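The values are calculated or read from the model by the stated rules, or taken from the named source; none is laboratory data. Given the structure is predicted, the values throughout are model-derived calculations rather than measurements. Don't worry about glycine lacking a Cβ; one is built from the backbone with ideal geometry, like all the others, and counts go over all protein chains shown. These accessible areas exclude ligands, DNA and RNA; they are computed on the full protein's heavy atoms, side chains included. Shrake-Rupley method; radii C 1.70, N 1.55, O 1.52, S 1.80 Å.
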Amino acid sequence: MAGLHDTDIKLDNNWQLTSAANGDAPLASDKECIIQDIRLEALSQEGELFYDEDWGWSLLDFMQVQDDELERIEIEQRIRTKLSRREEIDNETIKIGLSFQDDKMTVKTTFKFIDDSKQYNLEVL
């Protein structure tokens, strides 16, 4: 799990490597790195990362579920638990919105880092 002071290879919105004008792979660091890591974790299944079996939100578990209050609570609780594992995030600021349309679930999450007033948004389709 990436932290605030980590660095990783920067990926584009289609999860492909980006390239700089000189041909090198640009790097994501600090908050950009942790946001990228959260996005990757949100789209991953638990256990996909061989060295951290708890990493991954496993949202595919909710494919084909009925849109009811109990399912929404379970999804929101899972996301809140996964984000709360990151000590850099202010748990009191985590907000989760869900929408279901035509067999498609959209998750909109907002949060703030500790000692940072900026709100960060994450949308997973």
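Numerical summary
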read-out	value
Residue within segment 33-52 that is more than 22 Å from GLU123 (Cβ to Cβ) and open to solvent by 90 Å² or more (accessible area, probe 1.4 Å) present	yes
Residue count, segment 75-86 (criterion: in contact (Cβ under 8 Å) with a residue 12 or more places away in the chain and open to solvent by 40 Å² or more (accessible area, probe 1.4 Å))	4
Flag for ILE96 being modelled with pLDDT of 95 or more, outside any helix (DSSP H, G or I) and open to solvent by less than 70 Å² (accessible area, probe 1.4 Å)	yes
Those residues of segment 115-125 which are modelled with pLDDT of 95 or more and surrounded by 12 or more Cβ atoms within 10 Å (Cβ to Cβ), in sequence order	TYR120
ASP90 being open to solvent by 50 Å² or more (accessible area, probe 1.4 Å) and in a helix (DSSP H, G or I)	no
Extreme residue, most open to solvent (accessible area, probe 1.4 Å), among residues of segment 6-32 that are hydrophobic (A, V, I, L, M, F, W, C) and within 16 Å of the chain's Cα centre (by Cα)	TRP15
